[in-house]
Amino acid sequence: MIELRQHKIVADAADQRLDRWVRRTCGSVTQSLIERMCRKGQIRIDGSRVKPSTRLQAGQTVTIPPIQSQPVPGTSSPALHRRIPDHFVETFQKRIIFSDDSFVALNKPSGLASQGGTGQKTSVDQIAQIVSARHSERWRLTHRLDRNTSGVLLLARTTVAARAMGALFRSRQVRKTYWAVTSGVPEPLGGTVDFPLGKDNNSPSHKVVCQKTGAMGNPPKLRQAITRYEVLDRAGMVSALVAVYPETGRTHQVRAHLAMIGNAIVGDRKYRHQSTGRHGKHARNSGFLANCTKLHLHALSLSFVHPVLDRRVRVAAPPPDYFVETCNTFGWPLKHLDSESTNDTVMS
């Protein structure tokens, strides 16, 4: 019989997601394993079955089978060091664009996952364990970006900072700005997309949809999703540079919403077939856009009230070279196009 372990949740761990708590408590463990153990009822809270997204409360008891010995705070496992190549760690350190006593901001490159999971050998979360251990700390992701989305990713250096940012994101008090290059030009040139989104239960590629799809009786669970956008510049009817301001934080929200209004993001293979905009044929006939294989979606900035400094700050990251080259091809001078006028303290 497997000996189960019971962990009492202390105040510092309260309000964390269960899956994140398990990873920090049990060391290097994949998201898929955590999800599988929750489905099988191997992980329970106060004796009840739970989901990986369940938020912990002080005083609860988490029951979990032994996965791996609990790591010493401020260290990373030898197995993790062996699995993560040195050049990933070096790249991570070079891409830190801001650091203070509460947060570290990273300009995440396209192609690097935020968190480990099925098929992900290397992630920001794993590399952060190695880098932060050198400071005798445990850095925590405060939010996520899609693997192929570049840009600002904020990590908390303390439990207090992580909880504060989690509360800000949930209450929609973080202002997020993305830049996207679209196929065709959105019409109107500015507006709000308010389509609820849910995971397609019948899609092997984990798409999200805004309506019931697939077999009857197995519809997706839809959740409110709101995205504001404005066209900053355009190249005839072929393409546009669009500033996007997601007010909610659903999976693939920006990508799905732009595709739903007929203007998929350049390089988005997952959602491009949903794009049926009136100018789509012009984009499809553009040889240049057809050869763009990288997702042209960049998380430009985050703006929020710093929980320690108690003033609004803005963390910004420059777009990657391929994004800049595409904009240069269309004659869009990026340095003049950051439309967000703000008196925030810039932390880039």
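Quick notes on this structure:
- Test: residue in the range 108-124 that is outside the structural domain of Ala243 (by TED's automatic domain parsing), touching a Pro at 6+ places or on another chain (Cβ under 8 Å) and at pLDDT 95 or above: yes
- Every pair of residues 6+ apart whose Cβ atoms lie under 7 Å, when the first sits in the range 155-171 and is within 17 Å of Leu145 (Cα to Cα) and in contact (Cβ under 8 Å) with a residue 12 or more places away in the chain while the second is of a type in the set (Gly, Ala, Ser) and assigned to a loop (DSSP other than H, G, I, E, B): Ala156/Ser102; Phe169/Gly249
- For Leu155, the criteria (1) crowded, with 20+ Cβ neighbours inside 10 Å; (2) more than 23 Å from Ala11 (Cα to Cα); (3) hydrophobic (A, V, I, L, M, F, W, C) hold in every case but one, which is (2).
- If you filter the range 296-327 down to residues that are among the aliphatic types (A, V, I, L, M) and out of contact with any strand residue (DSSP E or B) (no Cβ under 6 Å at 6 or more places or on another chain), you find that the one that is modelled with the highest pLDDT is Val324.
- Subset of the range 72-101 that is of a type in the set (Val, Ile, Thr) and modelled with pLDDT of 85 or more - its residue that is nearest to Ala128 (Cα to Cα): Val89
- Candidates Arg144, Arg172 - the one that is modelled with pLDDT of 90 or more, part of a loop (DSSP other than H, G, I, E, B) and under 24 Å from Glu35 (Cα atoms): Arg144
- Residues of the range 148-169 satisfying the condition of being part of a loop (DSSP other than H, G, I, E, B) and either acidic (Asp, Glu) or touching a Pro at 6+ places or on another chain (Cβ under 6 Å) (or both): none
- Restricting the first member to the range 6-27 and to residues that are outside the structural domain of Gln57 (by TED's automatic domain parsing) and among the aromatic types (Phe, Trp, Tyr), and the second to residues that are in a loop (DSSP other than H, G, I, E, B) and surrounded by 20 or more Cβ atoms within 10 Å (Cβ to Cβ), no beta-carbon pair is closer than 8 Å while six or more apart or on different chains.
Conditions tested, residue by residue: (1) at negative phi; (2) surrounded by 21 or more Cβ atoms within 10 Å (Cβ to Cβ).
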{"position": "Ala133", "(1), (2)": "yes, no"}
{"position": "Glu137", "(1), (2)": "yes, no"}
{"position": "Thr142", "(1), (2)": "yes, yes"}
{"position": "Leu145", "(1), (2)": "yes, yes"}
{"position": "Gly151", "(1), (2)": "no, yes"}
{"position": "Ala161", "(1), (2)": "yes, yes"}
{"position": "Gly166", "(1), (2)": "yes, no"}
{"position": "Ala180", "(1), (2)": "yes, yes"}
{"position": "Ser183", "(1), (2)": "yes, yes"}
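- Residue in the range 328-347 that is modelled with pLDDT of 90 or more and part of a strand (DSSP E or B) present: no
- Gln60 vs. criteria more than 25 Å from the chain's Cα centre (by Cα), surrounded by 13 or more Cβ atoms within 10 Å (Cβ to Cβ) and either assigned by TED's automatic domain parsing to the domain that holds Ala13 or at pLDDT below 85 (or both): yes
The values are calculated or read from the model by the stated rules, or taken from the named source; none is laboratory data. Here the structure is a predicted model, which is why all the values come from computation and not from measurement. Glycine also receives a Cβ, built like all others from the backbone with ideal geometry; neighbour counts cover every protein chain displayed.
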